[in-house]
Amino acid sequence: MSGEALAGKQSTGISTSTIKQFAQDVAQAHKLGVQMGIVIGGGNIFRGVAASADGMDRASADYMGMLATCINSLALQDALEKENVPTRVQTAIEMHQIAEPYIRRRAIRHLEKGRVVIFGGGIGSPYFTTDTTAALRAMEINAEILMKATKVDGIYDKDPVKHKDAKKYDKISYLDVLNQGLKVMDLTAVSLCMDNKLPILSFDLNAPGNISRAILGENIGTIVQ
């Protein structure tokens, strides 16, 4: 889940209505018996890449971005538990007072017990985005699919906000995403998914019920495989 999407119509911060709707959608999907791990970005609070472009040390900026994902993770945990969804937050940067450290086997056990696991803190190292974190964690927990929840309803051949004639793809290959430089996820994440044959579904976060629709096989968003 992109951090920017959490801001809703406001440019920064956490939109309580947006996070509540997302929590309701996750709760609805959880009732279907699906095991879910959630990786959340921090772009609504702090973007390391943008800060480093303005002269800040890249490693320091990325660590600040990782901490922003932890703030979002705790906000999402609170929203999910208000919907009676059992959760655990695991972070790559240890902060014992608020979350568990990321341990792969423990994460899988939580999933088997019906808990939603929220992965915060990226992978704990700078220079890697939350897209790459999502791909890595998906592989580690043996996920069947990586679902990318954004503010756009799929993948287009160009920016649909700037170009009214942008064409939406229902399906596209990993190589086409890489060759065309499409901005669905960063190149490292797409390459990692391609190497491990993990399909990616990019869909609109803002349409209520979309997570359950995707799980039930309805044709929403764009599938990369």
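The values are calculated or read from the model by the stated rules, or taken from the named source; none is laboratory data. If you're wondering where the values come from, they're calculated on a predicted model, not measured in any experiment. Quick reminder, even Gly has a Cβ in these numbers, built from the backbone with ideal geometry, and neighbours come from all protein chains shown. Just so you know, the surface numbers come from the protein's heavy atoms only, side chains and all, with ligands and any DNA or RNA stripped out. Shrake-Rupley method; radii C 1.70, N 1.55, O 1.52, S 1.80 Å.
What lysines could a cross-link reach from residue 151, if we take a straight Cα to Cα line under 19 Å and drop same-chain neighbours fewer than 8 places away?
Result set, ordered by chain and number: 9, 20, 162, 164, 167, 168, 171, 183.
Among the DSSP beta bridges whose two residues both lie in segment 111-225, what percent are antiparallel, rounded to the nearest 5?
Expressed as a percentage, antiparallel bridges in segment 111-225 total about 40.
Give me, ordered by chain and number, the residues 5 or more places off residue 87 or on other chains with an amide H under 5 Å from its own placed amide H.
116
Among 65, 41, 33, which one shows the highest mean-square fluctuation when the chain is modelled as a Gaussian network with alpha-carbon springs under 10 Å?
Ranking 65, 41, 33 by mean-square fluctuation puts 33 first.
If amide hydrogens are placed 1.01 Å from N in the peptide plane, which non-local residues have theirs closer than 5 Å to the one on residue 36?
117
With unit charges on the beta carbon (Lys/Arg positive, Asp/Glu negative), name the residue among 79, 160, 191 whose Cα is farthest towards the positive pole of the charge dipole of the chain.
So the residue we want is 79.
Quick check: from the Cα gyration tensor, does segment 73-225 come out rounded (a/c under 1.5), prolate or oblate?
Judged from the Cα gyration tensor, segment 73-225 comes out prolate (a/c at least 1.5, a/b above b/c).
Report ³J(HN,Hα) in whole Hz for each residue of segment 83-88, in order, from the Karplus equation J = 6.51 cos²θ - 1.76 cosθ + 1.60 where θ = phi - 60°; Gly and Pro get x.
The phi angles translate into 9, 6, 9, x, 9, 9 Hz.
Rounded, prolate or oblate: which one fits segment 1-137, using the alpha carbon gyration tensor with axes a ≥ b ≥ c (rounded when a/c is under 1.5, else prolate when a/b beats b/c, else oblate)?
In terms of gyration-tensor shape, oblate.
Taking the Cα centroid of segment 172-225 and of segment 52-114, what is the distance between the two, rounded to the nearest whole Å?
If you average the Cα positions of each part, the centres end up 22 Å apart.
Provide the FRET efficiency to the nearest 0.05 for the residue 20-residue 173 pair, computing r from the beta carbons and using R0 = 45 Å.
It comes out at approximately 0.80.
Would you compute, from DSSP H runs of 4+ residues alone, the mean residue ellipticity of the chain at 222 nm, taking -39500 (n - 2.57) per run and dividing by the full residue count, rounded to the nearest 500?
-12000 deg cm²/dmol
For the chain, set up a Gaussian network in which alpha carbons nearer than 10 Å are linked by springs, and say which option among 47, 137, 109 fluctuates the most.
Result: 109 has the largest fluctuation of those listed.
Return the loop-located trypsin sites (Lys or Arg not before Pro) in segment 159-216 (DSSP other than H, G, I, E, B) with at most 10 other Cβ atoms within 10 Å of their own Cβ; answer none if there are none.
162, 164, 167, 197
With the full set of protein chains in place, find how many percent of the accessible area of segment 48-127 is carbon and sulfur; take the probe as 1.4 Å.
Accessible surface attributable to carbon and sulfur in segment 48-127 totals 50 percent.
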